[in-house]
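Undergrad: The structure that follows is given in the form of structure tokens.
The values are calculated or read from the model by the stated rules, or taken from the named source; none is laboratory data. A quick note: this is a predicted structure, and the numbers were derived from the prediction, not measured. Please note: Cβ atoms are built from the backbone with ideal geometry, for glycine as well, and neighbour counts cover all protein chains shown. These area figures cover heavy atoms from the full protein model, side chains too; ligands, DNA and RNA do not enter into them. Shrake-Rupley method; radii C 1.70, N 1.55, O 1.52, S 1.80 Å.
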Amino acid sequence: YGPVRGGAPPVPHQGKLLRFFHSGMDNEWAGWRRRYFVGALLMDPDPPFAVVAITPKPLLYGSEIDGLSGTERGQCVSYKPRVVFPGGVVEHDGRFLLSVGLNDSACAILKITPEQLNFK
């Protein structure tokens, strides 16, 4: 689902470092051609921080469906559909709280369980 790009700073997880990242592909039909995705990877905690596992498919897919009205969407300076990107993460009560940006116009906090990572 595209090359691994920037994302949330890594956090300790099961003796490794867990990092949520974004990726994207330019294969949409009309308008803004890119769709963004969020995945996760595990890295060794010591340099050179080798990647040891990665989610085999995206955890999140950018969507053109959001909670904005047409008026609100039109007032956004940089609205783009199909965008999701991670900003920060903390572990809390056995799950991860991941902040994400949506469509360059909104933010959300998502709850992700370790089981949802499904590393390969």
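Undergrad: Which residues, counting only those in the stretch 58-81, are of a type in the set (D, E, K, R) and either within 12 Å of the chain's Cα centre (by Cα) or more than 20 Å from Tyr36 (Cβ to Cβ) (or both)?
TA: Answer for the stretch 58-81, where residues must be of a type in the set (D, E, K, R) and either within 12 Å of the chain's Cα centre (by Cα) or more than 20 Å from Tyr36 (Cβ to Cβ) (or both): just Glu72.
Undergrad: Also, quick follow-up: I'm trying to understand the selection: among the residues of the stretch 6-46, which are in a loop (DSSP other than H, G, I, E, B), within 19 Å of Phe96 (Cβ to Cβ) and open to solvent by 30 Å² or more (accessible area, probe 1.4 Å)?
TA: Gly6, Pro9, Pro10, Gln14, Gly15, Pro45
Undergrad: Select from the stretch 53-62 the residues that are open to solvent by less than 40 Å² (accessible area, probe 1.4 Å) and assigned to a loop (DSSP other than H, G, I, E, B) and write down the one among them that is farthest from Leu18 (Cα to Cα).
TA: Gly62
Undergrad: Being under 16 Å from Leu117 (Cα atoms), without any contact (Cβ under 8 Å) to a residue 40 or more places away in the chain and out of contact with any Phe, Trp or Tyr (no Cβ under 6 Å at 6 or more places or on another chain) is true for just one of Val77, Val11, Val52, Val90. Which residue is that?
TA: Testing whether each residue is under 16 Å from Leu117 (Cα atoms), without any contact (Cβ under 8 Å) to a residue 40 or more places away in the chain and out of contact with any Phe, Trp or Tyr (no Cβ under 6 Å at 6 or more places or on another chain) leaves just Val52.
Conditions (1) out of contact with any strand residue (DSSP E or B) (no Cβ under 6 Å at 6 or more places or on another chain); (2) basic (Lys, Arg); (3) modelled with pLDDT under 95; (4) in a loop (DSSP other than H, G, I, E, B), marked per residue:
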{"position": "Gly67", "(1), (2), (3), (4)": "yes, no, yes, yes"}
{"position": "Val77", "(1), (2), (3), (4)": "yes, no, yes, yes"}
{"position": "Gly88", "(1), (2), (3), (4)": "no, no, no, no"}
{"position": "Ala108", "(1), (2), (3), (4)": "no, no, yes, no"}
{"position": "Lys111", "(1), (2), (3), (4)": "no, yes, no, no"}
{"position": "Glu115", "(1), (2), (3), (4)": "yes, no, yes, no"}
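Undergrad: Let me ask something else. Please go through (1) hydroxyl-bearing (Ser, Thr, Tyr); (2) closer than 17 Å to Ile112 by Cα; (3) open to solvent by 70 Å² or more (accessible area, probe 1.4 Å) for Thr71 and return the number of the only condition it doesn't satisfy.
TA: (2)
Undergrad: Okay, moving on. So Arg82 clears everything in (1) in a loop (DSSP other than H, G, I, E, B); (2) closer than 19 Å to Phe119 by Cβ except one condition, right? Which one?
TA: Here Arg82 clears every test but (2).
Undergrad: Let me ask another. Failed condition for Gly2, given (1) closer than 19 Å to Val100 by Cα; (2) assigned to a strand (DSSP E or B); (3) not aromatic (Phe, Trp, Tyr), with all others met?
TA: (2)
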